[in-house]
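Structure, as structure tokens:
The values are calculated or read from the model by the stated rules, or taken from the named source; none is laboratory data. Remember, it's a predicted structure, so these values are computed and weren't measured experimentally. All Cβ positions, even for glycine, are placed from backbone atoms using ideal geometry, and neighbour counts span all protein chains on display.
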Ligand code: DGL
């Protein structure tokens with residue numbers, strides 16, 4: 001029998017910006033009873049072009065602000081809804097907190113290994129995520145025979161933050177990144193592409209279209225939001241009584257912009273976005 005928690009579980013989720021709302025959206029849709037507090041560190045976005053030590057410092061500060069609230073039940077889990085922070089800061093965060101800290105890289109790697117048939121897996125992400133080799137390592141741990149081909153596509157973060165999900169400028173940027181990469185013979189064999197940045201799931205339609213146009217075949221796009229949601233479902237059993245959890249949104253700068261663009265990622269409605277300083 002599954003032990004039911006006495007009070008509804010609350011999780012903390014953070015990203016550098018609105019991209020992490022792709023994870024909030026997937027978690028809220030699958031586990032609607034869960035209370036979620038999300039922080040977008042918009043004052044310091046992007047993380048993906050920063051050094052690893054800076055990303056660790058930012059991730060530690062963002063997490064501390066999210067999980068410490070006087071008089072509240074402790075969070076049940078912390079979700080690092082940012083590939084860059086997952087690539088750099090998971091060991092430090094896991095050493096700091098007694099509750100589970102979930103990153104997006106391990107679940108994404110598992111989903112990619114399960115999906116590939118050709119054994120060639122592509123990964124697109126920020127410069128820091130790609131330079132860290134975190135996906136290559138995580139995939140090799142699961143399947144040493146898999147070949148991982150990674151490409152940094154940092155401009156896509158700004159295009160997502162602009163809300164240009166299906167826009168000619170985004171399509172041009174995707175083509176400019178992918179055309180020369182997919183011309184490399186081994187890379188052309190990828191049948192699975194990991195969206196190694198939580199800002200990228202909003203580009204699924206463009207990615208399918210451009211990749212099919214360049215290679216003549218489609219690929220499976222791995223969205224780690226789905227994979228991390230499955231992990232949370234295993235970790236946090238549903239309460240006995242059905243309920244709708246609260247979603248609280250916090251940002252470190254430009255809350256009006258966060259609400260406007262964030263609303264394209266996740267239905268924010270008229271919920272306010274709280275400004276916090278780290
Ligand atoms: N959402 C972040 C990630 O998944 C990238 C954005 C950034 O560069 O800050 O890596």
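Restricted to the range 204-231, and to residues that are modelled with pLDDT of 95 or more, under 19 Å from residue 160 (Cβ atoms) and out of contact with any strand residue (DSSP E or B) (no Cβ under 8 Å at 6 or more places or on another chain), which residue is farthest from the ligand (Cβ to nearest atom)? For the range 204-231, the residue satisfying everything is 209. In the range 52-80, which residues are free of Cβ contacts under 8 Å to residues at least 40 places away in the same chain and over 22 Å from residue 228 (Cα atoms)? Those that are free of Cβ contacts under 8 Å to residues at least 40 places away in the same chain and over 22 Å from residue 228 (Cα atoms): 53, 54, 57, 68, 69, 70, 71. Going by the conditions given, is residue 65 within 20 Å of residue 277 (Cβ to Cβ), within 15 Å of the ligand (Cβ to nearest atom) and touching a strand residue (DSSP E or B) at 6+ places or on another chain (Cβ under 9 Å)? Answer is no for this residue.
Against the test of being in contact with a strand residue (DSSP E or B) (Cβ under 8 Å, 6 or more places away or on another chain), farther than 15 Å from residue 56 by Cα and surrounded by fewer than 19 Cβ atoms within 10 Å (Cβ to Cβ), the options 117, 147 yield a single qualifying residue, 147. Scanning the range 171-186 for residues that are more than 12 Å from residue 122 (Cα to Cα) and touching a helix residue (DSSP H, G or I) at 6+ places or on another chain (Cβ under 7 Å) yields a count of 5. Tallying residues that are surrounded by 21 or more Cβ atoms within 10 Å (Cβ to Cβ) and touching a strand residue (DSSP E or B) at 6+ places or on another chain (Cβ under 8 Å) within the range 150-166 yields 3.
Let me confirm something: among 85, 77, which residue is closer than 21 Å to residue 276 by Cβ and away from the ligand (no atom under 11 Å from the Cβ)? Just a single option satisfies the conditions, and that option is 77. Listed by first and then second residue, the pairs with beta-carbon distance under 7 Å, at least 6 apart or on different chains, first residue in the range 85-109 and over 14 Å from residue 15 (Cα atoms), second more than 14 Å from the ligand (Cβ to nearest atom) and assigned to a loop (DSSP other than H, G, I, E, B), are 99/74; 99/75; 99/76.
Condition first: modelled with pLDDT of 95 or more and either within 18 Å of residue 31 (Cα to Cα) or touching a helix residue (DSSP H, G or I) at 6+ places or on another chain (Cβ under 6 Å) (or both). Can you find one or more residues in the range 239-246 that meet it? No, there is no match, as no residue in the range 239-246 is modelled with pLDDT of 95 or more and either within 18 Å of residue 31 (Cα to Cα) or touching a helix residue (DSSP H, G or I) at 6+ places or on another chain (Cβ under 6 Å) (or both).
Is it the case that some residue within the range 36-57 is away from the ligand (no atom under 16 Å from the Cβ) and out of contact with any strand residue (DSSP E or B) (no Cβ under 9 Å at 6 or more places or on another chain)?
Scanning the range 36-57, I find no residue that is away from the ligand (no atom under 16 Å from the Cβ) and out of contact with any strand residue (DSSP E or B) (no Cβ under 9 Å at 6 or more places or on another chain), so the answer is no.
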